[in-house]
1. Considering only residues that are among the small types (Gly, Ala, Ser), open to solvent by less than 30 Å² (accessible area, probe 1.4 Å) and either touching a residue at least 24 places away in the same chain (Cβ under 8 Å) or closer than 16 Å to residue 152 by Cβ (or both), which ones fall in the range 67-81?
2. Within the range 179-208, which residues are free of Cβ contacts under 8 Å to residues at least 40 places away in the same chain, open to solvent by 80 Å² or more (accessible area, probe 1.4 Å) and under 15 Å from the mean Cα position of the chain (by Cα)?
3. Looking at the range 215-223, is at least one residue among the small types (Gly, Ala, Ser), free of Cβ contacts under 8 Å to residues at least 60 places away in the same chain and open to solvent by less than 40 Å² (accessible area, probe 1.4 Å)?
4. Counting only residues that are assigned to a loop (DSSP other than H, G, I, E, B) and touching a Leu at 6+ places or on another chain (Cβ under 9 Å), which one in the range 82-141 is surrounded by the fewest Cβ atoms within 10 Å (Cβ to Cβ)?
5. Looking at the range 81-97 only, could you name the residues that are charged (D, E, K, R) and farther than 19 Å from residue 197 by Cα?
6. When both residues are 6+ apart or on different chains and their Cβ atoms are under 6 Å apart, which pairs have a first residue that lies in the range 101-122 and is of a type in the set (A, V, I, L, M), and a second that is open to solvent by 70 Å² or more (accessible area, probe 1.4 Å)?
Amino acid sequence: MNVFNMSKGGSGSGAGGPRKVNMNIVLIGAAAVLALMGLASCGQTIQPGNVGVKIRTLGPSAGVDPVPLRSGWHINLPGERIAEFPAIQRTYTYTRESDERGPENEEVNFSDNNALPMTADVQLVMRIDQTKAPALYTKYRLTFDQLFEGPIRNDVRSAIAAETELVSVEYLYRGGRQQVIQKALARVSRKWEPQGVNISQLDWIGTIRYPQVILDSIQAKTKADADASAATAQVAVAKAQADAKIEEARGQAEANRLIAQSIAASPGVVQLRAIEKWDGKLPQVTGSATPFINLKNAE
């Protein structure tokens, strides 16, 4: 009986051995999957067109890695993270209306040389020099979004304001705004280009938002100028017509003077012309007056 039990127990123990092995394989596999998942969760993918900057907050190498990271997947060890910057040209906007970055009003405020307030939406085309991305983060300690929404936006607004304060609202309204925005672009580029931020384009989006009272004043002045121009044109036309008539009369008077002078110098010319026009018939009624043609002279 004991033998049977021992034998049975031994048989049961032998059957449990493979079960233990299978369970160990399952546990090892699960641990491996968890490890891979943990490893994947510690990694970060730098999107194509971006450059990464590795930041370490622990250990002896804490700080900003001076070597930029290319696009692709990169592992983040404990105490590490990656900040991304755009390495290809992209267009960004500061607008009154909400956009993909949120509902905040980001329009640019400025004024003219008489302190008349205005606002406008602007867009800029920019990229980050890959080799300077780590130094850029080291200096400002800001991500690209923070940099774009903070210091860069402030400098764009300041550059536009500095240029518009030199001109009048009429200058902006009548076409000078493009010259102003290009000068503002030059101001911003001078500061950011050496730091690795290439701002290649700065433009207005739509029209500048002028105060309504200014619009009314400009439109009234424009109409007055147009009316004055039309009146000046009418005066010019009338003067030209009067001058033409004067010249015509002067020409006729000169012609008459020359004819009279010619007649005085040659009285026979009149008689000759009368003969040329005479039809050969004498007047039916005559008196003591001399005939209208001196027939004796005519012979």
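The values are calculated or read from the model by the stated rules, or taken from the named source; none is laboratory data. Fair warning: this is a prediction, and the values are worked out from it, not measured in the lab. Virtual Cβ from ideal backbone geometry, glycine too; neighbours counted across all protein chains shown. The area values use the complete protein model at the heavy-atom level, side chains included, leaving out ligands, DNA and RNA. Shrake-Rupley method; radii C 1.70, N 1.55, O 1.52, S 1.80 Å.
1. Of everything in the range 67-81, just one residue is among the small types (Gly, Ala, Ser), open to solvent by less than 30 Å² (accessible area, probe 1.4 Å) and either touching a residue at least 24 places away in the same chain (Cβ under 8 Å) or closer than 16 Å to residue 152 by Cβ (or both), namely 72.
2. Of everything in the range 179-208, those that are free of Cβ contacts under 8 Å to residues at least 40 places away in the same chain, open to solvent by 80 Å² or more (accessible area, probe 1.4 Å) and under 15 Å from the mean Cα position of the chain (by Cα) turn out to be 179, 182, 183.
3. no
4. 113
5. Restricting attention to the range 81-97, the residues satisfying the condition of being charged (D, E, K, R) are 81, 84, 90, 96-97.
Residues satisfying the conditions are 81, 96, 97.
6. Sorted first by the residue in the range 101-122, then by its partner, the pairs are 108/157.
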